[in-house]
Amino acid sequence: MLATVPCGGRGNTEKNMRIWAYACLLLCLPVHAQAGSAYKVKHQTVACGDDAALKALNDRTNPRAADPAWRHAMMAQGQCYTITPDMRWEKIANRNGLPLLRHNPPVAGMPPLYFMSSDIADLTAPAITSGRATDAPATTPSPTPPANGTDPQDASTQAQAPSPSEPVIIARTDPPAPTDLFSITGGFQKLGSMLLSALLALGAGWLLWVLYRVIMAFMGRRGALRQATTLVDRNAGLLIQRRLHAHEGQAAHGHAPAQQWQREVTRFCRTTLLPALAGDGRERYWCDIERKVHAHIDAVSTRARPRPDLRLVTPPPYRADMTCTQYVAYCMGLLEKAGWDTRMSGNAGQAATVIVATKDGLSMVVQCWTERRPVEEETVRQCIAARSGLSARIAVVVSSAPYTQQALQMGKSSRVFVLHHEELQKFASQVEAPQVA
């Protein structure tokens, strides 16, 4: 078998792919009844993978058929091979009037080729004999004259001895096309892998989102519980006082102590805790922390209330002949019964003694006038100064003596409450603590 012509031609990649696609498709076609026949070429000739290229090479009317450069380029584009008579072929099909043969046995890298019908001979056809031609030697059919119109002897010599200006290069054979299912369905496998990757990415994103929600909910509940317990600790004195009132007033209201105390807890949560949580956007966690907050309220409200650091005697009931110290202690007792924590700010025994009272983060200064003469305007000014110096929200002047008209007017204009000691407990009970965040 002679050397084949190179399969080059980068500019004809699409055409070559079309040729190979047709060839692979034809390989998959069912074998016809003619596939059992064996063929060979009658003489050294050219066969191509492209029927159009083969027809162009054998077209005698083509003026460029005698141009070696054109023939070389056409053979390269048409996947043409030089075929010798010693090669055996089997027929696959006919296309556009040309027989399509494949090598028998198959040769790696050589696709099925188109032949000119006049260049092939059927080896299995019955021999045609005559009366005298039985013992005569077989005559070799004359070769088909070349398409360029040259002498057959010169064409044969030219086919057998390549021209020095046109060297024959051994063709680079491509590896055989894969036939396993994995390679054939490579595109579907790639699509499936892409879909699987997308599903895995979506699943991972969903898991991360769920984990993020769980972490944020945990942190939100923890922050809400910490805020609620801080408010409970800050209002410990009020809760202790309300629990004591619940036990002391059970007979008057006709309720059991547990029911009265539960009402107080519900009121405290509704007026203090829930607004504070809503201010920070944490009210949605209340159902999760309600039980723990109630348990903390019960624990705080059952603590022993610290006694104020006072060097005063226990206040007796009010008497007209009370001393200054006794009157101040009496006013402090009224404030404590209203739920306020009290401490001394001025020196006890002076005419105007200042008491600092706190409840639920609210501070109040109470200036006690201990003398019998009427309260004048200067006492109200001292209360205003005490309110500013102690950064208190409320200022009150309390006395058992009457107030002058100037003192009443100054108290009204400066928002200082001037009270009799009989009004002090009621006033202090009605003052509500602000919602502390």
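Label sites at R303 and L362, each approximated as a point 7 angstrom past Cα along Cα to Cβ, lie 2.2 nm apart.
On region 310-430, 49 percent of the accessible area sits on carbon and sulfur atoms, based on a 1.4 Å probe. Can you compute the FRET efficiency between L195 and S388 using 1/(1 + (r/R0)^6), with r the Cβ-Cβ distance and R0 = 56 Å? Round to the nearest 0.05. Taking R0 as 56 Å, the efficiency between L195 and S388 is 0.15. Think of a 1.4 Å ball rolled over the protein heavy atoms: region 310-430 then has 50 Å² of accessible area per residue. By a 1.4 Å probe calculation restricted to protein chains, L191 has an accessible surface near 100 Å², given to the nearest 10.
Computed from the Cβ-Cβ distance with R0 of 60 Å, the FRET efficiency linking Y212 to S414 stands at 0.65.
Over region 38-122, the Kirkwood radius and the radius of gyration, each from Cα atoms, give a ratio Rg/Rh of 0.95.
Each of A66 and R234 was given a label point 7 Å from its Cα along the Cα-to-Cβ line. The distance between the two points is 11.3 nm. Ordered by 1.4 Å accessible area with all protein chains kept, T61, T84 run largest first as T61, T84.
The values are calculated or read from the model by the stated rules, or taken from the named source; none is laboratory data. All values reported here derive from a predicted model rather than from experimental measurement. Glycine gets a Cβ as well: all are built from the backbone with ideal geometry, and neighbour counts include every protein chain shown. We work out accessible area using only protein heavy atoms, side chains counted, and drop any ligands, DNA or RNA first. Shrake-Rupley method; radii C 1.70, N 1.55, O 1.52, S 1.80 Å.
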